[in-house]
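The values are calculated or read from the model by the stated rules, or taken from the named source; none is laboratory data. These figures come from a predicted structure and were not determined experimentally. As a convention, Cβ positions derive from the backbone with ideal geometry for all residues, glycine included, and neighbour counts pool all protein chains shown.
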Amino acid sequence: MAVRVFGCNHIAIEVDDIEKAVEFYTDVFNLELLRDEGEGDAFFKLGEHQFLAVFEVPKVQPDREKHFGIIVRDENQITEVRGKITQKYGLKTKPPFRCDFRASVGESNSSC
């Protein structure tokens, strides 16, 4: 019998400041922080059965290619996210994509 994959269950990232990472992901993406569940130092609900696990480490090792993408509802929400990450958090988007950025909050790469 062949295995049939239904989707991705979770993403795990490393950050060097868990409080800043929690502030960023709850503010920019309005992610629900789950308490006393799952793995990691912070645990966010990403969808019906998906989550983002955030682990605090002493020093994040930068990487050029690792990243994850978050799906938002429409172009208006992409514009809102882009505005927050560039204006409030001072991050630069990485062209040619619509909303890719390298977050100084834990040095994770993200896209939306």
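Kindly provide the set of residues from the range 79-106 that are of a type in the set (A, V, I, L, M) and at pLDDT 85 or above, ordered by number.
Scanning the range 79-106 gives Val81, Ile85.
Looking only at the range 65-98, which residues are in a loop (DSSP other than H, G, I, E, B), touching a Lys or Arg at 6+ places or on another chain (Cβ under 9 Å) and among the charged types (D, E, K, R)?
Answer for the range 65-98, where residues must be in a loop (DSSP other than H, G, I, E, B), touching a Lys or Arg at 6+ places or on another chain (Cβ under 9 Å) and among the charged types (D, E, K, R): Lys92, Lys94, Arg98.
Could you identify the single residue in Asp16, Asp27 that is at pLDDT 90 or above and touching a Phe, Trp or Tyr at 6+ places or on another chain (Cβ under 9 Å)?
Just a single option satisfies the conditions, and that option is Asp27.
Only residues in the range 1-22 that are more than 21 Å from Phe43 (Cβ to Cβ) count as the first member; pair them with residues that are modelled with pLDDT under 90 and in a strand (DSSP E or B), Cβ under 6 angstrom, at least 6 apart or cross-chain, and list the lot.
none
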